[in-house]
Amino acid sequence: MLNSETQSGADSLNLSHAETDALFSVVSEQLALNTFNSDDQELIKQMVESMADSRGMVRLSFAEALGKIGKPATPLLMEAVANHPNPVVRRASAKTLTLIADPIAVPTLVNALLNDEDMVVKTSSVGGLAKIGEAAVPALLKILASTEYPESAKGHAVWALGFIGAEAKEHLYREINSDSAEVRAAVVGAIAKIAQEGTQEGAFNILINALNDPSEIVRSEAAAALGSLTYRSAIPSLVELLHHPDWETRKAAALALMKIGDGAALEPLQATLTEEEEAGVQAVMKLAISQIERQLEEEAWE
């Protein structure tokens, strides 16, 4: 029977499947009986190393066991994410940190997101940041505000902020006034998630105000969000945007009005179509008019 003393010096990469299975059996029994010693860092380290096993189900079993151990396992998992030479162990360790969601792991997970060469490690790390929640928000916003980080990392950060949603609202409401248009656009996307959850009425007001943002990407993001949310109270503000000097903004407004699908937008769309010179915007306006007319006809037959 294996124990922490006999395993502490072993290299799990050299363990046979039978030895690894025996280790898991011991750990599993201890966890079931509530006799696992969470201070036994050598045993926890051996469990982390065992996530190099070639069998996916074995790696998953060790990850779940480490997840049950919780925060006492965090430091060794962080060390593995940061420095383990085997990407399989780094991936599994990042995924396990997602299960534990310990805020002290934020810097390690951010570093992995930005610098690890393995894409699965990156995506697993951002998953961990999303699960950690509010404590990860400042770091995610910092990624968005930086000019040094790649668009892929910023895209991951946007996703994580949206996942965190209402839990991050205080940070998000503050950052809607950020000097960075990228940050403001990401904040709009995350606030849209809060509005969708119906947890904050003020979220809709922020989205409507963002329609007047000086940046096109923010205006378009806000318009897209309000359209997806089919927020009818936004129709007057979206109609105003049909006259905006920037054609991308006009296009975004027309698309949003099409998604909302309210007859109140029909006449303004028809009127602005006659004045519109940009072919791409004309096409969207025509589509919006067609869809709203069809919807009104269907409602008339109901």
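The values are calculated or read from the model by the stated rules, or taken from the named source; none is laboratory data. Keep in mind that what you see is a predicted model, and the values were worked out from it rather than measured. Backbone-built Cβ (ideal geometry, glycine too); neighbour counts: all protein chains shown. Protein only, heavy atoms only, side chains kept; ligands, DNA and RNA dropped before computing areas. Shrake-Rupley method; radii C 1.70, N 1.55, O 1.52, S 1.80 Å.
In table form, for the structure just shown:
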quantity	calculated
Among Val81, Leu114, Ser124 the positive-end extreme of the charge dipole of the stretch 75-173 (Cβ point charges)	Ser124
Percentage relative contact order, the chain, counting C-alpha pairs under 8 Å, at least six apart	8 percent
Cα-centred dipole magnitude for the chain, charges only on beta-carbon of K, R (+1) and D, E (-1), debye, nearest 20	380 debye
Kirkwood Rh and Cα Rg combined as Rg over Rh, evaluated for the stretch 202-273	0.92
Pairs beyond 23 Å (Cα-Cα), from Lys131/Lys154; Lys122/Lys169; Lys71/Lys169; Lys154/Lys286; Lys45/Lys95; Lys45/Lys154	Lys122/Lys169; Lys71/Lys169; Lys154/Lys286; Lys45/Lys154
Cα-only Debye scattering, the stretch 148-302: base-10 log of I(q)/I(0) at q = 0.09, 0.21 Å⁻¹	-0.30, -1.22
Whole-percent pair-distance distribution, where bins are 10 Å wide, for the alpha carbons of the stretch 166-225	28, 61, 11
Taking only Cα atoms of the chain, radius of gyration then Dmax in Å	25.6, 83
Evaluated over the stretch 78-185, the Cα radius of gyration and Dmax, each in Å	13.3, 42
Mean ellipticity per residue at 222 nm, deg cm²/dmol - from DSSP H runs of n ≥ 4 across the chain, formula -39500 (n - 2.57)	-22000 deg cm²/dmol
Contact order relative to length of the stretch 87-190, as percent, for alpha carbon pairs under 8 angstrom and 6 or more apart	23 percent
Over the stretch 10-110: Kirkwood hydrodynamic radius from C-alpha pairwise inverse distances, Å	13.3 Å
Most positive-pole-ward Cα, Leu238, Val183, Ala265, against dipole of the stretch 172-302 from beta carbon charges	Val183
Of all accessible heavy-atom area on the chain, the percent that carbon and sulfur account for (1.4 Å)	51 percent
Gyration tensor over alpha-carbon atoms, the stretch 96-142, equivalent ellipsoid semi-axes in Å	15, 12, 8
Taking only Cα atoms of the stretch 249-302, radius of gyration then Dmax in Å	10.9, 37
